[in-house]
1. With the dipole of region 184-413 worked out from charges on the C-beta (+1 for Lys and Arg, -1 for Asp and Glu) around the Cα centre, which of 298, 243, 287 lies farthest toward the positive end?
2. Straight distance only, please: which lysines reach the Cα of residue 150 with their own Cα at less than 20 Å, same-chain residues fewer than 8 apart left out?
3. Taking Rh as the Kirkwood radius computed over C-alpha pairs, what is the Stokes-Einstein D of region 184-413 at 37 °C in a medium of viscosity 0.692 mPa s, expressed in µm² per second?
4. Cross-link partners among lysines for residue 391, C-alpha distance below 22 Å, same-chain residues fewer than 8 apart left out?
5. Which order do the peptides 317-325, 138-146 take when ranked by the mean count of other beta-carbon atoms within 10 Å per residue, highest first?
6. For region 184-413, which whole-number percentage of the solvent-accessible area (1.4 Å probe, protein heavy atoms only) is attributable to carbon and sulfur atoms?
7. To the nearest 10 Å², what's residue 175's accessible area with a 1.4 Å probe?
8. For residue 225, what accessible area in Å² do you get when you roll a 1.4 Å probe over the heavy atoms of the protein chains, rounding to the nearest 10?
Amino acid sequence: RNRCQRLDLSGSARNCFLAGNLDSYRNIISKGLRCVWDAPHTGGQEVDRNAHHASGRLCSQSSQPLGEKIPSLQISSGGQLPLDFPAWNIQINRSFHTSSSLQAAPVPLFWIIVKPAQKLFAIILGRSIRNWWKALPPNKRELFKESARKNKWKILLGVSSLGVVFVMFYFTHLEETPITGRARLLMFGKEHFRELSQMEYDMWMDQFKNQMLPETDARYQVVERVVGHLSESNKDIPQVAALKWVIHVVDEPGVNAFVLPNGQVFVFTGLLDAVSDIHQLSFILGHEIAHAVLEHAAEKASLVHFLDFLSLIFLTMIWAICPRDSLAVVGQWIQSKLQEFMFDRPYSRTLEAEADKVGLQFAAKACVDVRASSVFWQQMELAESIQGQPKLPEWLSTHPSHENRAEHLDRLIPE
């Protein structure tokens, strides 16, 4: 139902050459002969940025025939880039925006600020309970134990009521994820995260203010037109059409790109050196745009806040039960690590897989050769092997492994 517009870039190259023939790349990878980086690699840094960072059936079929060669992309760092398709309506913005000093802090920022105070209160409360219990005479301790045994059903009812409150709060704050229709917890409103995104944007602009490429740079123009093509091809999706995509290309060797929830797109030149063709770049930017469209930042913050609030109960119990502060500190560390590796990181990997799936749909609707998506992660895997970087288990990371991402995308491509 959606007309596909083919993305075709051409031009003269001096400093950077990105070409793509998918079949040849697969042959090269299978032989283990190609190193994909000309620029230094930043220690296994993945394309995706954490922070920000499920299922649903999506159409991810490219209209490009399998036998057709991928068009080459040649860009120079200084010259103009002749393009065969028009520039779409993308907002180009280099100005700084600062919030008024009298403006109230966004709700997510408020909870981030008070989180240490909440933990401190739980520690003080638990420690006070422990000291109070130690100071009680033995006969009063026995009286309390006897009273607890007599009223055990009342205590159980009170604890159960508290659990019911948490369950009701969780289910009353469930919303449907755009596009995929997955149910997810969302505690913060979009307007709050837009304000927080503006603050984060100001921070990044201040950090990279001397490394921003001008709009006349060919690399900037490539990113601008790729994002424009993706947004134009997916403008039937309300969440894509609602955001104004603002392009920022940072002269930084790191292989990285990210999109803030308010549509601010940041791409490092190291990523442009790492991709092999325009199709790989289109998929990666589609993946990052999917994070913003699916509101993954707000969703992750909501889950973390909900789990942190629940953990305050366990934190209080740890400091109340442990006989010494040193043991309580160890118990608190174990609790935080269990939460991180059992909930936080697996959930982040789930969001990354969902962004891969939706990003593949965005790329397919833009007539990108979606086979390039899995090839990119195969290249990343090969490059890290050539550089001798240690391969960490996936459960230690917030992102799926390169190998698993490639396999996941290969399973989605036929759709």
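The values are calculated or read from the model by the stated rules, or taken from the named source; none is laboratory data. This one's a predicted model, so the numbers in the text were calculated from it and none came from an experiment. Glycine gets a Cβ as well: all are built from the backbone with ideal geometry, and neighbour counts include every protein chain shown. These area figures cover heavy atoms from the full protein model, side chains too; ligands, DNA and RNA do not enter into them. Shrake-Rupley method; radii C 1.70, N 1.55, O 1.52, S 1.80 Å.
1. Result: 298.
2. 140
3. Working: Rh = 19.5 Å.
Once the numbers are plugged in, D ends up at 169 µm²/s.
4. Cross-link targets: 31, 337.
5. Details: 317-325: 15.4, 138-146: 10.1.
Going from most to least packed, we get 317-325, 138-146.
6. On the way: 4840 of 7950 Å².
Carbon and sulfur together cover 61 percent of it.
7. Rounded to the nearest 10, that gives 90 Å².
8. 40 Å²
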